[in-house]
Amino acid sequence: MRNALSLALCLTSFATPLSATELADEDDVSLAVPALEQPVAVSDAIPLELRGALELLGGEVLPGEFGTLYWRPVQSFQSIDTPVPVLVAHGESPGPRVCLTAAIHGDELNGIEMVRRLMYQLEPASMSGTVIGIPIVNLDGFRRSSRYLSDRRDLNRHFPGSPTGSAADRTGHSLFNQVIRQCQFLVDLHTGSLQRTNLPQIRGNLKDEHVFDFSRQFGGITVLHGVGAKGTLRRAANDVGIPAVTMEAGGPHQLDEQAVDAGVQSIETLLENLGIQKSKRFWSAPQPVFYQSDWVRANQGGILMSKVKLGDKVREGQVLGSVIDPVTNSGSAILAPFDGKILGIAFNQVVQTGFATHHIGVEKAAQAVQEDAIERDLTLQPPAATLSDCVAQSSAETETQEGSREATSEC
Ligand SMILES: [Zn+2]
């Protein structure tokens, strides 16, 4: 219902002149250019009577107000279904509409706390635009501390879904059509999966200009290219013209204060750059840092012990950790294949041969990362970041109820 062009026009119309990232070279960031010429005058020009209520999910939220609506995915039988709360901060003035989704994987807690912190600091009376936050999309999995839906399917492989398909298809279809299609921008919040943790980072299909521009509005955060696996929410949103990224921060089953805080700061910066609400915080390094990245895998099974930490800089040939067979006492070292920074890491655990243990990124210029992604696409080479998007395909599959193998990953 909205094409990419209209989204871009909307964004440029409502952006404020002040950017939290204090861009030195505005020509580099197309979204930021018109902001200096067109501050919030657009919203001022719309008469109050035309600034309507937000109508969503059969309810409405008036301009300048905060409301809670409910999405009913019908995951069980209707009489015992629990509706999923959807928080809405609807600005007094018109502006972009940003959606935040968390806990599509029910065991990923950091995003839930990010949505809470972000939503409850918004001031709709002075906002220009709307923020819709769903703290716990997969309420069903969250209650069981599980990544999956109750049918053991990964909801983030069932978008945009189908009204006549499996339970996961129907749930995906319901969320996508009742909420996501109303978004002009989407940030889907995740953590590392299956005993892995990630440095706070944005992932998006940087080959798409609108996603590329969008990914540059989050302040000084790590940005990686990845098209996103088929069926992921962000890919489905991109396919209908909604710029969408995944934000990864920390690991599952835990609340990581630092990761939560970094993620919230990043989204605050996004809202400022979109002209929705000013951020009270400033980045010491305001520009996003783009990386090309790849995972390093264990060449044998056994007990994994890392010698490096998340965020460490490593040199080619450096020992990242070791894997030791606990019965034979034979082991092998995991070596860094190139210089870089540890963007993701597996917790110490028992691993199988081929398990992805360390995610190393090499810093590059934003355009270089984008060009590389396009070039790899043209030559049909799998992009390196495909691994980072869906790292666990070979090492951590799970049986679905039908007995088929379903890949699981952190995205
Ligand atoms: Zn996830």
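What the table below lists for this structure:
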quantity	calculated
Spin-label pair Ser332/Phe282, simplified geometry with 7 Å Cα→Cβ offset, distance in nm	5.1
FRET efficiency, 1/(1 + (r/R0)^6) with R0 22 Å, evaluated for Gln254 and Met305 via beta carbons	0.65
Packing rank of 287-296, 98-107, where each peptide gets the mean count of other beta carbons within 10 Å, highest leading	98-107, 287-296
Protection proxy ranking of 172-185, 300-313 - average other beta-carbon atoms within 10 Å, highest first	172-185, 300-313
Subset of Lys307/Lys364; Lys278/Lys313; Lys230/Lys364 violating a 31 Å alpha-carbon distance limit	Lys278/Lys313
Förster radius 51 Å - calculated FRET efficiency between Ser79 and Arg116 (Cβ-Cβ, nearest 0.05)	0.95
Net charge over other residues, Cβ less than 12 angstrom from the Cβ of Ile134 (K, R count +1; D, E count -1)	0
Residue order, fewest to most beta carbons within 10 Å, for Val84, Val260	Val260, Val84
Sites Val240 and Asp325 - FRET efficiency at Förster radius 56 Å, r taken between beta-carbons, to 0.05	0.70
Length gained when the stretch Gln352-Ala125 is fully extended (0.36 nm per residue, less Cα-Cα span)	76.3 nm
Burial ranking of peptide ranges 134-145, 239-250 (average Cβ count within 10 Å, highest at the top)	239-250, 134-145
Nitroxide proxy distance, nm - points 7 Å out along Cα→Cβ at Leu62 and Glu375	5.7
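None of the figures in this text is laboratory data; all of them are computed from the coordinates on show. Remember, it's a predicted structure, so these values are computed and weren't measured experimentally. Don't worry about glycine lacking a Cβ; one is built from the backbone with ideal geometry, like all the others, and counts go over all protein chains shown.
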